[in-house]
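Down below is the structure, laid out as C-alpha cells.
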Amino acid sequence: MQRNSSKNQVEDLQPQIDPNLESVEIDPDALEVSLPSDKSVLTATSSSNSNRVATRASTLAAQKSEQLLNTLRSHKHERQIIILQDFPDPDALSSAWTYQLIAEQYDIKCDITYAGTLSHQENIALVKLTSLPATRTPLQSLKNRDLSSYKGYVLVDNQGTTSTLINAVQEAGIPLIAIVDHHNLQGDLKSEFVDIRPGVRATATIFTQYLQAGLLQLDSSMSEHVNCATALMHGLHSDTNRLMQAREEDFMAAAYLSRFYDGQLLNTILQATRSKRVMDVIERSLRNRIVQNNFSIAGVGYLRYDDRDAIPQAADFLVTEDNVHTAVVYGIVHDEDEEELEVVIGSLRTNKLTLDPDEFIKEAFGQDSTGRFFGGGRTSAGGFEIPMGFLSGSNENSPYAKMKWEVYDAQIKQKLLKLVNPKDNLISSDDE
Ligand SMILES: [Mn+2]
C-alpha cells in the first residue's frame, strides 16, 4: 500500500500536455473526488468495515487509472488492436470503445475487433444505434492481414480464453499492452498493464472509474461521448442483471454515467426483438430440458453461428422456471463461412447465490491438453466452448450428424449430472 503517496499520484495523473493533441487535459477536480486524501484514509481506519472496503476499492481504482495513464503515455502515436471475445456482449463492446476514446488522446489508434458475430439482437441494436466502432474479423482474414502495424494488443472483458484470434496475434509477435477484465483469473498472460477485478460486476464499471479519475472528460455536447456513456450504461445494466446484482461500485458508476447517457436511446436498444430462429432454439430448450435437483439442463442440437446467442437467451429463460435455480443450455454451433469449424457452446445461468459458475464449469469440464479450461464465469453466469477438432463437419450425412450430437449430448449431460447429483457432494454444500 502506498497511501502516503496519494498526493503525488494526483500530480502524476496530470498528463503532460502535448501541443499536437487537443483534449488531453484532465480535470483536477475529478481526480480529487476519486483519490482519497491522507485524511480520508485516516477517517476510514476508525470507521466501519464497509467504509474501509469502499476506500480500498477507490484507492485501487485510482492506482489503476494512474498506471493505465502511464502505460498509454509510453505508447503515444502507436496503433493497437483491441480483441474482444468471439461473441462480444455490451459490457465488452462499450468498455473497448471507452479504451479507444481514452487512448485517442495520446494519438493511439485502436481497432476493436472480434472473430464471431454479434448475435444477440440487443448487441446488434447497440452497435448500430450508437455507431459503435467494432468490426468482425474472422480468424482467416486476420491471418491474411499484415499485422505489423500493430504495436500492441489489448484484452477487454476477457483474458484471451474466449477469443480464437489470440493465437494469431501472439504468433505475429504483438505484445500484450493492457488487460482489463472482471472475470476470475484465467491464466498468467504477461501484460504491461493489468486490471483484473473479479469483485466488480462489470468491466464497464472499471472503465467508468477511469473516466471519473479523469482519463477522459466526457462532454455531453458530443454525441460520440453521449453514445459511449449510453453503451457503458447498457453494459453495466446487462452484466448486473439490470442492476439487481450491482454492488456499490457499480451503482456509483451508473450514477456518474447518468449525467451523460441518453435514456431514450438505451430504451430503444433494449426493445430490440427476438428473431424467429432464437425463438425456435428457446422452444427446443424447453422441449429437451431435464430438471434435477433444481438444475435445468437442455441440449439444443445444431445451430448456425449467427444464432449462437440463442443459447444464453434460452438459459435466461429456463432459469425462470419455478423450482429451478440453475439452467445450463448447450448446442453444437457451426460456422457456415468456415465449413469445418464446429464447437460445442454452452451457457449457465443461476439465481443461487452460493453457486459459483466459474468453479462449477471448471469442475464439470476440466481442462484441455494444454491446461486451458473449457470455460469459466462470473457472478450468476458462465459459459463454455469445447472445440470439436477432428470430429468437425461432414454433417451432410445426417445419420452421422445425429450420432455425433447424441455422443456430445450424452457426454455433457454426464459431466453436468455428476455435479448436480448431491450424493457425489462435489458442489460446496451450504444449505443442503
Ligand atoms: Mn462483462
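The values are calculated or read from the model by the stated rules, or taken from the named source; none is laboratory data. All values reported here derive from a predicted model rather than from experimental measurement. Every residue, glycine as well, gets a Cβ built from its backbone with ideal geometry; the counts of neighbours run over all protein chains shown.
Quick notes on this structure:
- Going through (1) within 16 Å of the ligand (Cβ to nearest atom); (2) surrounded by fewer than 17 Cβ atoms within 10 Å (Cβ to Cβ) one by one, Glu406 falls short only on (1).
- All positions within the stretch 190-212 that are among the hydroxyl-bearing types (Ser, Thr, Tyr) and more than 16 Å from the ligand (Cβ to nearest atom): Ser191
- Condition met for Arg201 (in contact with a helix residue (DSSP H, G or I) (Cβ under 9 Å, 6 or more places away or on another chain) and of a type in the set (Lys, Arg)): yes
- Within the stretch 68-88, tally of residues that are among the aromatic types (Phe, Trp, Tyr) and surrounded by fewer than 23 Cβ atoms within 10 Å (Cβ to Cβ): 0
- Subset of the stretch 95-112 (residues that are in a helix (DSSP H, G or I) and more than 10 Å from the ligand (Cβ to nearest atom)): Ala96, Trp97, Thr98, Tyr99, Gln100, Leu101, Ile102, Ala103, Glu104
- Residues within the stretch 160-177 that are more than 16 Å from the ligand (Cβ to nearest atom), within 17 Å of the chain's Cα centre (by Cα) and of a type outside the set (S, T, N, Q), tallied: 2
- Residues (surrounded by 21 or more Cβ atoms within 10 Å (Cβ to Cβ) and either more than 21 Å from Ser238 (Cβ to Cβ) or not charged (D, E, K, R) (or both)) located in the stretch 153-163: Tyr153, Val154, Leu155, Val156, Asn158, Gln159, Gly160, Thr162, Ser163
- Selected residue (criterion: farthest from His325 (Cα to Cα)) from residues of the stretch 373-390 that are of a type in the set (A, V, I, L, M, F, W, C) and in contact with a strand residue (DSSP E or B) (Cβ under 8 Å, 6 or more places away or on another chain): Met388
- Index of the failed condition, Ser95 passing every other in (1) surrounded by fewer than 20 Cβ atoms within 10 Å (Cβ to Cβ); (2) touching a strand residue (DSSP E or B) at 6+ places or on another chain (Cβ under 9 Å): (1)
- Qualifying residue in the stretch 370-390 (condition: surrounded by fewer than 21 Cβ atoms within 10 Å (Cβ to Cβ), in a loop (DSSP other than H, G, I, E, B) and touching a helix residue (DSSP H, G or I) at 6+ places or on another chain (Cβ under 6 Å)): yes
- Picking from residues in the stretch 230-244 that are touching a residue at least 40 places away in the same chain (Cβ under 8 Å) and closer than 12 Å to His182 by Cβ, the one that is farthest from the ligand (Cβ to nearest atom) is Leu236.
- So Leu147, is it surrounded by fewer than 19 Cβ atoms within 10 Å (Cβ to Cβ), in a loop (DSSP other than H, G, I, E, B), in contact (Cβ under 8 Å) with a residue 24 or more places away in the chain and not assigned by TED's automatic domain parsing to the domain that holds Ala314: yes
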